[in-house]
Amino acid sequence: MAAQAQYEELVRQFSAFGAVKREMRRLALPECPSGSAAVLALLGRHGDMRMGRMAELLAVDMSVTSRHVAQAADRGWLERLPDPADKRSRILRLTPSGRDQLDEVFRHTTRLLAERLADWSDDDVTLLAHLMARLRDSFDDCRTGSRPPASPPRQAAPGSAPTTRTPAST
């Protein structure tokens with residue numbers, strides 16, 4: 001298990017990471033607000049879904065979700081279809097135009113990261129992506145209440161790389 005000082009450093013880094021997120025939003029495509037981009041990304045990853053599920057995945061209030069969805073719908077990037085199981089509900093679905101916009105946001109963000117991380121090694125970029133996915137998975141487990149029981153911490157040998165969980169061991 002990590003020492004208290006390591007967790008404190010993580011807290012400081014999370015706080016500082018806000019500046020990275022703000023800069024990424026500032027450099028985002030002007031025609032696609034960050035809220036719309038998040039909605040498109042979730043529909044691209046998870047497929048059609050109800051508004052409540054979208055709010056859950058965005059981890060924001062339903063009113064905020066509705067605003068983001070309305071922006072994307074107004075631009076023709078998604079459609080709100082009647083839910084056959086519950087006529088009062090709507091199913092959100094990407095349109096072909098939304099898929100194109102999502103692809104453009106992905107290409108733009110990929111170029112931005114490639115520029116900013118040009119002096120990083122391939123191994124460092126791979127490790128960052130792996131650790132960020134692992135961190136996100138840890139929080140997803142907490143939010144859904146499906147977190148497995150904690151296992152005893154494994155100690156790495158002195159001087160060795162930290163042990164990481166792979167998708168196969170999840």
For this session: Counting residues in region 30-132 as N, plug N into 2.2 N^0.38 Å and put the Cα Rg over that result.
Result: 1.24
Seminar exercise, completed: Mean separation of Cα contacts under 8 Å (at least 6 apart) over the residue count of region 52-113, i.e. the relative contact order in percent, is 21
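Given a 1.4 angstrom probe, what's the average accessible area per residue across region 35-96, in square angstrom? Kindly include the intermediate steps, with their values, before the conclusion.
Working: 3330 Å² over 62 residues.
So region 35-96 comes to 54 Å² accessible per residue, rounded to a whole number.
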Exercise. Hey, any idea what % of region 1-104's accessible area is carbon plus sulfur with a 1.4 Å probe?
Worked result: 55
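The values are calculated or read from the model by the stated rules, or taken from the named source; none is laboratory data. Model, not experiment: these values are computed from the prediction. Accessible surface areas use protein heavy atoms only, side chains included; no ligands, DNA or RNA. Shrake-Rupley method; radii C 1.70, N 1.55, O 1.52, S 1.80 Å.
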